[in-house]
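Please treat every number below as a calculation from the coordinates, not as lab data. The shown structure was predicted, so the numbers you read here are calculated from the model rather than taken from an experiment. Reconstructed Cβ throughout: ideal geometry from the backbone, glycine too, with neighbour counts over all protein chains shown.
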Amino acid sequence: MNDRARRGRRPVDRPRRAALDVLTAVRVDDAYANLVLPQVLRKHRLEGRDAGLATELASGAIRMHGLYDPVIDACLTKPRLQPEVRDVLRLGVHQLLSMRVPDHAAISTSVDLVRATVGQGPAGLVNAVLRKVSRQDLDAWVEQVAPDRPGDLRGHLAVARSHPRWVVDALAEALGTDDELDDLLAADNAAPRVTLVARPGLADVVELESAGGTRTVRSPYGVVLDGGDPAGVAAVAEGRAGVQDEGSQLVALATVDAPLQGRDERWLDLCAGPGGKAALLASLAAQRGAVLVANERQPHRAVLVRSAMRAVPTGAVHVVAGDGTRPAWVPGTFDRVLVDAPCSGLGALRRRPESRWRRTPQDLDVLTVLQRALLDAALESVRPGGIVVYATCSPVLAETAAVVDAVVASRDDTVEVDRFQLWPHRDGTDAMFAATLRRRALV
């Protein structure tokens, strides 16, 4: 490249370059967008509105590529594209169809981005494709590339709302109706609110409200942050509060509030990593004179659990690393047990934009075997008369009702007390499932 050409190039827009870095990490390294994004923002020194723009670009392009890819392909004469070029196009299409970015800005910055990261070769193609995309709005493109809605509602929504078809089918089955399916899938695509939890005895909701928040409706400890970086809230930085969806708070509260006869001193979180629910349980245990054992199979995640506990009074919690399906403790040790089981995560798609594209139906076959084993181990760990709460951040029936029903049916000492299913479009939370079981004494 000669000096004149180099001088003629516009500088690459930093938020868009940061967003492309996130897409690349997710595609090449199987990274998680929510984990790599803070690192990328720091690398590019982005804050405030620029950080918000990069976040929306990356999350939206990853989340919606099930719609954007058919739109891109409809504008190509040859459907094969370098993955790096397709990433740039996804970012451009997101700006054109789902953001209030002027067409000329979306197109020119995308051309600049592909020149800087891939080379001059595909610049003309990117320009041509995005100009074609800009000739129609989102609704017109959906009508063109998605199956006919009256004839194939789920197929239409799979493209229009950018979810794999099998996920749409599984969510519809969990809902029990197609009537709310569009609302649910739309909620999966909405940016989630940042919700904080005031850990009892360490912080209170008044303190979090003063940082710029509004109390949650169902959890007495939750506050929805109106804006800003939660790490800038003193209570969060000090571990006295944390970022936690209201649905997760309600799961922890179901564990501690279930009526219990007799001793109530020994609590267990069987799958504690990364530590959010365990920290809420531990702070409540400290107030009630109980002790929590927070068990996590993976040692590196146990480190995260310990970090989450840094403000909890010494002696209220013990963090251990061990296989929850093969407990090291004596059967019947605990009075209350939470099993926040590993799951598909299909109830938290709004937080994890890449998850919908990584999961397969075959994953459920492996997960449900583990889930049943963990629930059985939890029931062996609790004393007769004690309670176990089984929870997942998935509403899929194979991971929720089917697991609970199978385990209860296989045991003579277990009765179900309660269950609930939350939904993002109804409750404004992740789609958390929880069932409360009691182990009864056999006569």
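Over the chain, what is the percentage of antiparallel beta bridges among all DSSP beta bridges, to the nearest 5? If you can, show how the numbers build up before the last one.
Values: 22 of 40 bridges.
Taking every DSSP beta bridge within the chain, about 55 percent pair in antiparallel fashion.
At 222 nm, what helix-only mean residue ellipticity would the chain give, in deg cm²/dmol to the nearest 500, using -39500 (n - 2.57) for each DSSP H run of four or more? Write down the numbers at each step before the final one.
Numbers: 21 runs with 220 residues, N = 443.
Rounded to the nearest 500, the figure is -15000 deg cm²/dmol.
I need the shape label for the stretch 289-443. Rule: rounded when a/c is under 1.5, else prolate if a/b > b/c, else oblate, with a, b, c from the alpha carbon gyration tensor. Let's see the in-between values first.
Working: a/c = 1.64, a/b = 1.15, b/c = 1.42.
Since a/c reaches 1.5 but b/c is at least a/b, the shape of the stretch 289-443 is classed as oblate.
Only four residue types carry charge here, +1 at the Cβ of Lys and Arg and -1 at the Cβ of Asp and Glu. Report the dipole size of the stretch 146-188 about the Cα centre in Debye, rounded to the nearest 20. All intermediate terms of the calculation are to be shown ahead of the outcome.
Details: 4 positive and 10 negative charges, 43 e Å.
It works out to roughly 200 debye.
Specify the angular offset, from 0 to 90 degrees and rounded to the nearest 10, of the alpha carbon long axis of helix 103-117 from the longest principal axis of the alpha carbons in the chain.
Tilt relative to the chain: about 80 degrees.
Given Cβ point charges of +1 (Lys, Arg) and -1 (Asp, Glu) and nothing else, what value in debye, to the nearest 20, does the dipole of the stretch 245-439 about its Cα centre take?
Numbers: 23 positive and 23 negative charges, 98 e Å.
Result for the stretch 245-439 is approximately 460 debye, rounded to the nearest 20.
Scan the stretch 217-276 for GluC sites (Glu not before Pro) in coil per DSSP, keeping those whose Cβ has at most 15 other Cβ atoms within 10 Å, and list them by number.
Numbers: sites: Glu238, Glu246, Glu265; in loops: Glu238, Glu265.
Listed in order of number, the matching sites are Glu238, Glu265.
Based on DSSP, what percent of beta bridges with both residues in the stretch 245-439 are antiparallel, to the nearest 5? It would help to have the intermediate numbers written out before the result.
Values: 13 of 31 bridges.
Of the beta bridges lying entirely in the stretch 245-439, close to 40 percent run antiparallel.
Highest mean first, what order results for 382-389, 73-80, 225-232 on Cβ atoms within 10 Å?
Values: 382-389: 22.2, 73-80: 11.2, 225-232: 13.0.
Ranking the peptides 382-389, 73-80, 225-232 by packing returns 382-389, 225-232, 73-80.
Given H placed 1.01 Å from N in the peptide plane, which residues other than close sequence neighbours of Val319 have an amide H under 5 Å from its amide H?
Under 5 Å from the amide H of Val319: Ala294.
Using the Karplus curve 6.51 cos²θ - 1.76 cosθ + 1.60 with θ = phi - 60°, work out ³J(HN,Hα) for each residue of the stretch 24-33 in order, rounded to whole Hz, and write x for Gly and Pro.
Along the stretch 24-33, the couplings run 5, 5, 5, 6, 8, 9, 6, 6, 9, 4 Hz.
Say the dipole of the stretch 245-439 comes from +1 at the beta carbon of Lys and Arg and -1 at that of Asp and Glu; which of Leu280, Pro299, Pro384 then lies farthest toward its positive end?
Pro299
Out of the GluC sites (Glu not before Pro) in the stretch 45-110, which ones are loop residues according to DSSP with at most 16 other C-beta atoms within 10 Å? Write down the numbers at each step before the final one.
Working: sites: Glu47, Glu56, Glu84; in loops: Glu47.
When the GluC sites (Glu not before Pro) of the stretch 45-110 are filtered for loop state and at most 16 Cβ neighbours within 10 Å, Glu47 remain.
Can you list the HN-Hα couplings for the stretch 431-436, worked out from phi with the Karplus curve (6.51, -1.76, 1.60; θ = phi - 60°), rounded to whole Hz and with x for Gly and Pro?
Residue by residue, the stretch 431-436 yields 7, 7, 10, 8, 10, 9 Hz.
Are there trypsin sites (Lys or Arg not before Pro) in the stretch 118-147 that DSSP marks as loop and that have at most 12 other Cβ atoms within 10 Å, and which are they?
On the way: sites: Arg131, Lys132, Arg135; in loops: Arg135.
Those that pass, being in a loop and sparsely packed, are Arg135.
Given H placed 1.01 Å from N in the peptide plane, which residues other than close sequence neighbours of Val291 have an amide H under 5 Å from its amide H?
So Val291 has HN proximity to Arg266, Trp267.
Any idea which of Val118, Leu364, Gly176 is furthest toward the positive side of the dipole for the chain, if Lys and Arg beta-carbons carry +1 and Asp and Glu beta-carbons -1?
Val118
Return the ratio Rg/(2.2 N^0.38 Å) for the stretch 104-189, where Rg is computed over Cα atoms only. The partial results should precede the final answer.
On the way: Rg = 17.3 Å, N = 86, 2.2 N^0.38 = 12.0 Å.
Normalised by 2.2 N^0.38 Å, the Cα Rg of the stretch 104-189 equals 1.45.
I need the shape label for the stretch 3-138. Rule: rounded when a/c is under 1.5, else prolate if a/b > b/c, else oblate, with a, b, c from the alpha carbon gyration tensor.
Numbers: a/c = 1.44, a/b = 1.15, b/c = 1.25.
Rounded.
Can you tell me which of 275-288, 353-366, 93-106 comes out highest on packing, and rank the rest after it, using the mean Cβ neighbours within 10 Å? If you can, show how the numbers build up before the last one.
Details: 275-288: 25.4, 353-366: 16.4, 93-106: 17.9.
Taking the mean over residues of other Cβ atoms within 10 Å, the ranking is 275-288, 93-106, 353-366.
For Thr414, list long-range residues whose amide hydrogen, built 1.01 Å from N in the peptide plane, is under 5 Å from its own amide hydrogen.
Here the answer is Arg440, since their amide H atoms fall under 5 Å of that of Thr414.
When the Karplus curve 6.51 cos²θ - 1.76 cosθ + 1.60 is applied with θ = phi - 60°, which whole-Hz ³J(HN,Hα) does each residue of the stretch 130-141 get, with x for Gly and Pro?
In residue order, the calculated couplings are 5, 5, 5, 4, 5, 6, 10, 8, 4, 4, 5, 5 Hz.
Projecting each Cα onto the charge dipole of the stretch 3-138 (Lys/Arg +1, Asp/Glu -1 at the beta carbon, about the Cα centre), which of Val28, Ile107, Leu41 comes out farthest on the positive side?
The listed residue farthest towards the positive side: Ile107.
What size of dipole, in debye to the nearest 20, comes out for the stretch 3-138 about its Cα centre when the only charges are +1 on Lys and Arg C-beta atoms and -1 on Asp and Glu C-beta atoms? Could you put the intermediate results ahead of the total?
On the way: 23 positive and 15 negative charges, 107 e Å.
Charge dipole of the stretch 3-138: 520 debye, to the nearest 20.
Run the simple label-point estimate for Ala237 and Asp30 please: 7 Å along Cα→C-beta, distance reported in nm.
Distance between label points: 3.7 nm.
What shape does the stretch 312-360 have by the C-alpha gyration tensor, where a ≥ b ≥ c are the square roots of the eigenvalues, rounded means a/c under 1.5, and otherwise prolate means a/b greater than b/c and oblate the rest? It would help to have the intermediate numbers written out before the result.
Numbers: a/c = 3.07, a/b = 2.00, b/c = 1.53.
Prolate shape, in that a/c is at least 1.5 and a/b is the bigger ratio.
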